[in-house]
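What follows is a set of notes on a single structure, which appears directly below.
The values are calculated or read from the model by the stated rules, or taken from the named source; none is laboratory data. Quick caveat: nothing in here was measured; it's all calculated off a predicted structure. Cβ: placed from backbone, ideal geometry, glycine included. Neighbour counts: every protein chain shown. Ligands, DNA and RNA are stripped out before the accessible areas are found, and what is left, the full protein with its side chains, is counted by its heavy atoms. Shrake-Rupley method; radii C 1.70, N 1.55, O 1.52, S 1.80 Å.
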Amino acid sequence: MARAAVGERPGLRDGGRVRHELRAAYAIWLRELTRFVSERARIVGALGQPLIYLVVMGTGLGAAFRATAVTPGFRYTVFMFPGILGMTILFTALFSAMSVIWDREFGFLKEILVAPISRGSIVLGKVVGGATVATIQGLLLLVLTPLVGIPLSLPQVLQLCLVMILMASALTSLGLVIASRMATMEGFQVIMNFLVVPMWLLSGAFFPLRGLPAWMGVLVRIDPLTYAVDALRGVVYAGSPQAQALVAHPYAWNVAVIGAVLAVSFGAALATFRSRED
């Protein structure tokens, strides 16, 4: 009986059912956003960590990279900024999925699973909520671009936003797949740390993607974050002489790959929630 109730609400026609499902997804999205806004320490922490990496590692590694710069005019802080931006989206989006475990522990997840809404609305609300939070964090980090020495035009900002939204949605979907199968917060954090660190290190956040050893090249190519960081870097270096040496793929190709990853991860999240009986 419970599963029959989940599928659809009796008495709603097609148009009314769509509006009903969208309202449900909106309510879940709003809950995720409200939770984020109310936790100011989370906002400060998410901005503080990228700043530490950018200042400390950008200064320290920059001295080493200047000695072997791949192109004239190379500035390591500018090179590293897209990787830091990708790290912010990665951490925020994946850990936004942690709310599923909280919702399960406090009984909210069970309530929405037996509510007269589809599992697709639940997944959509969670994914859009997590992606919105991660994108906001990325936009806050863009405020620092004048300090780093990165001039951005409005079209460049829009291109960066597109990449951040797609990447955040894909990573939130992936986080939901993992979180929905975790029984405890500790288990989720262990899996996330095991997943997040290699994804970030292999994304090209700290090094150019050209001239890598064959074995590392394979790992870099199967890392979805690689294409997001490369797309962000391509926007930052657009029109500069460093672009050819530091950007591996065209912007359109990177966006297409991120979109494909989003489709697969969202489908996996939807299948995972539909398989739940509780």
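Numbers for the structure displayed
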{"quantity": "Spatial extent of region 191-248: Rg and Dmax, with the Cα atoms as the point set, Å", "calculated": "11.9, 40"}
{"quantity": "Cα-only Debye scattering, region 126-278: base-10 log of I(q)/I(0) at q = 0.08, 0.18, 0.19 Å⁻¹", "calculated": "-0.25, -1.17, -1.27"}
{"quantity": "With DNA, RNA and ligands ignored, accessible area of residue 201 (1.4 Å probe; Å², nearest 10)", "calculated": "80 Å²"}
{"quantity": "Cα→Cβ-extended label distance, 7 Å offset, between residue 22 and residue 115, nm", "calculated": "1.7 nm"}
{"quantity": "Stokes-Einstein translational diffusion, region 169-224 - Kirkwood Rh over all Cα pairs, 1.306 mPa s, 10 °C, in µm²/s", "calculated": "125 µm²/s"}
{"quantity": "In Å², nearest 10: area of residue 212 left accessible to a 1.4 Å probe", "calculated": "50 Å²"}
{"quantity": "Extension gain from residue 221 to residue 158, taking 0.36 nm per residue of separation minus the Cα-Cα distance", "calculated": "20.1 nm"}
{"quantity": "Rounded percent of accessible protein surface that carbon and sulfur make up, region 186-278, 1.4 Å probe", "calculated": "72 percent"}
